[in-house]
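Before any comments, here is the structure.
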Amino acid sequence: MKKSKRREGFSSGLAAFFATLGSAVGLGNIWKFPYVVGDNGGAAFLLVYLICIVFIGLPIMISEFYVGRKTRKNVMGAVQELSSKKGWSIIGIIGILSAYFVMFFYSGVAGWVYSYVFKILKGDFNRATAESVQQQFTNTTLGPTVPVIWQIIVIAVVSIILIAGVKNGIERITKTLMPILLILILICDIRALMLPGVKESFTFLFKADFTQLTSKGILLAMGLAFFKLSLGMGTMVTYGSYFTKKDNMFGTAAKVAISDTIVSLLVGIAVFSAVFSFNMVPSTGPGLLFMTIPLVFTKIPFGKVLLFAFFVLASIAATTAFISMFEVLVAYYTEQKGMSRKKAVILNAIVIAAIGVFSTLSVSEGAVFEQIKIFGMGIFDLFDYISSNILLPLGGLGTGLLVGYVVPKEDIKKELSNNGKLKVEKIVDIYYFILKYVTPIFLIIIFLSSLGVLQKVIKLIS
Ligand code: PHE
């Protein structure tokens, strides 16, 4: 008899939690969250974001865990196992596509973060001012060679960890480093609380002004929720497939969503305190993090050490999140296409680098590909927009519908309660109701209103 190859997995519930948290916490919290919140007016946007996390993100995360752990397969294999109808494979296709699109730009931003570690060591921020940090950001991103080299370094690092495998690579890295990141962000906040702009920062983040909210803003808030919790791509299906049969999936999902949101808020407070203390504007765009954090750490004891540590940990957070996207592809190519792990990693790394370069060199004014516009967007923004605001929500909607309407409820109950060992009956019922009726309706309304369809219908009726 042919012996089937044993599939790797995480060794414990704690390891699964840290790996999943390592996927969720990344550039999304540190880089994207502050600048998107800043671009969209603050508190009102934040409130919509939080609603999306609870009513869309959490139910979909639990569903993705379910799909993965039940089938023990990559995203494509998993959806094909759950339904014999071919149409559901679209979830797998969207997952794979979005993994590519996100990695094309994520690798570039991760490259900027890595490069900051060395800039800090070199002393580039020794006497940082608002103007000098802006200049430093332009120098970093303009290119053409430096940002590309850093992007390739990031892709290489991630590839090496992935070739090492699930336990030796992913698990070992995430378990030790996530807690340290949290401590550093807290230190950053303590410093930020002493800055003069801290009050304005709180007002901006927590005092909602609904006149600032647009239907496009609502779509962006939902897209950010998907991006933040690594949903819609099949990441949580893939990681769910590595969970042990003893893991409590409700508990893991809740802990990850809460910790992730806390990290985003803590970073937000630090960034906006700097924004308001140094007369900058919140809507600075993708450079916001890079132009504020160096200022937070100036003129304090150990400032340079703390700044260095912050960017080291940001690099690590970016790396563990990047690993989780790449693992979607690696699981797919090894299990569905029979490739070796090494080959799947190397071939995809080449594709990501080759296309990713175009997005990286489209950000700074004067960069080589800055002039190229598609649908009015630069390449970087386009990759980000298509993945976060269209592909991830669609992939998530697909998974939600598959679990809510195709899989029998009894099966879901059995899997989520670990065969009746966990007493989660009530929670399953609440989750199932929200997944079936609330999540898809919210999602579809947000889509339609961002396309202007809803507004037209309302006008027609009234
Ligand atoms: N959640 C990650 C972050 O915030 C990004 C991510 C998106 C990871 C989708 C995996 C899948 O940085």
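Throughout, read-outs are computed from the coordinates displayed, never taken from laboratory work. Everything numeric in this text was worked out from a predicted model, so none of it was measured. Here the Cβ positions follow ideal geometry from the backbone for every residue, glycine too, while neighbour counts run over all protein chains shown.
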Treating only Lys and Arg (+1) and Asp and Glu (-1) as charged, each at its beta carbon, one finds that region 160-267 has a dipole about its Cα centre, in Debye to the nearest 20, of 260
To the nearest Å, what is the center-to-center distance of region 57-102 and region 103-155, using C-alpha atoms only?
35
In debye to the nearest 20, how big a dipole does the chain give about its Cα centre with +1 on each Lys and Arg Cβ and -1 on each Asp and Glu Cβ?
1580
Net charge contributed by nearby residues that have their C-beta within less than 13 Å of Val54 (K/R +1, D/E -1)
0
Through the Karplus equation 6.51 cos²θ - 1.76 cosθ + 1.60, θ set to phi - 60°, convert the phi angles of region 215-220 into ³J(HN,Hα) values in whole Hz; use x for Gly and Pro.
5, 5, x, 5, 4, 5
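Apply 1/(1 + (r/R0)^6) to the Cβ-Cβ distance of Gln455 and Ser11, taking R0 = 56 Å, and write down the FRET efficiency to the nearest 0.05.
On the way: r = 51 Å, r/R0 = 0.92.
Here the calculated transfer efficiency is 0.60.
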Point-to-point label distance, Gln134-Asn419, nm (Cα→Cβ direction, 7 Å offset):
6.3
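Based on the mean of other beta carbon atoms within 10 Å per residue, what is the order of 317-323, 122-128, 246-252, most packed first?
With the highest mean Cβ count within 10 Å placed first, the list reads 317-323, 246-252, 122-128.
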Partner lysines whose C-alpha sits under 27 Å from that of Lys421, ignoring same-chain residues fewer than 8 away, are Lys70, Lys73, Lys167, Lys175, Lys245, Lys246, Lys255, Lys409, Lys413, Lys436
Under Karplus coefficients 6.51, -1.76 and 1.60, residue-wise ³J(HN,Hα) of region 115-126 in Hz, glycine/proline x
5, 5, 4, 7, 4, 5, 4, 5, x, 5, 10, 4
Out of Trp88, Leu47, Val305, whose Cα points farthest toward the positive end of the dipole of the chain (charges: +1 Lys, Arg; -1 Asp, Glu; placed on Cβ)?
Trp88
Counting Lys +1, Arg +1, Asp -1, Glu -1, what net charge surrounds Met178 among other residues with beta carbon under 14 Å of its beta carbon?
+1
In deg cm²/dmol and to the nearest 500, what is the mean residue ellipticity at 222 nm of the chain if only DSSP H runs of at least 4 residues count, each as -39500 (n - 2.57), divided by the residue total?
-22000 deg cm²/dmol
Length gained, Ser283-Ile180, 0.36 nm per residue minus C-alpha separation, equals 34.1 nm
Starting at the first residue of region 193-202, write each ³J(HN,Hα) from the Karplus equation 6.51 cos²θ - 1.76 cosθ + 1.60 with θ = phi - 60°, in whole Hz, x for Gly and Pro.
5, 8, 7, x, x, 5, 5, 4, 4, 5
